[in-house]
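Enquirer: Have a look at this one.
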Amino acid sequence: MTGIKNNIKKLRTKKDIYQLKLAMDIGLSQETISSYERNKIVPSTEILIKLAEYFNTNIDYILCRTIYDLPIEQIKPNNINQRDFELLTKINKLSANDKDKTEAYIDGLNSK
């Protein structure tokens with residue numbers, strides 16, 4: 001469950017908020033948020049839903065079942081053809097630098 005604590009903290013710091021602010025906004029104590037982030041307790045399904053809605057992400061991201069920090073409505077695996085899926089899989093394996101180069105190349109192609 002290490003990923004859960006890392007993803008909750010990652011989402012919180014990305015939004016630039018403290019544990020207390022998150023706790024107040026979703027109706028928990030700061031100690032509870034701290035316990036999640038220290039891997040002392042696991043959020044209930046109800047809290048996972050609240051966290052996903054609060055951070056505009058999906059429960060699978062919080063649970064480290066996906067790397068995509070997107071709302072569930074934006075994840076559409078059934079709407080992608082096999083070739084595009086394979087290309088995305090290859091891109092996903094690239095280093096950050098190579099991804100930047102690939103993106104610049106694609107942007108160049110799209111601007112023609």
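FYI, it's all coordinate maths here, none of it is from the lab. All values derive from a computational prediction rather than experimental measurement. Heads up, the Cβs are rebuilt from the backbone with ideal geometry, glycines too, and the neighbour counts pull from every protein chain shown.
Enquirer: Per-residue counts of other Cβ atoms within 10 Å, averaged by peptide: what ranking do you get for 84-93, 37-46, 24-33, highest first? Can you show the working numbers first?
Expert: On the way: 84-93: 10.6, 37-46: 12.4, 24-33: 14.8.
In descending order of packing, they fall as 24-33, 37-46, 84-93.
Enquirer: Over 22 Å between Cα atoms, which of Lys15/Lys101; Lys10/Lys50; Lys50/Lys93; Lys14/Lys90; Lys9/Lys101; Lys21/Lys50 qualify? Please report the intermediate quantities before stating the final value.
Expert: Details: Lys15/Lys101 28 Å; Lys10/Lys50 16 Å; Lys50/Lys93 32 Å; Lys14/Lys90 27 Å; Lys9/Lys101 30 Å; Lys21/Lys50 14 Å.
Checking Cα-Cα distances, Lys15/Lys101; Lys50/Lys93; Lys14/Lys90; Lys9/Lys101 exceed 22 Å.
Enquirer: Any aspartates and glutamates with Cα under 16 Å of the Lys112 Cα? List them, leaving off those in the same chain fewer than 8 positions away.
Expert: Glu103
Enquirer: Which log10 I(q)/I(0) values does the chain give at q = 0.10, 0.13, 0.15, 0.18 Å⁻¹ under the Debye formula, counting every alpha carbon as one identical point scatterer?
Expert: -0.41, -0.63, -0.76, -0.93
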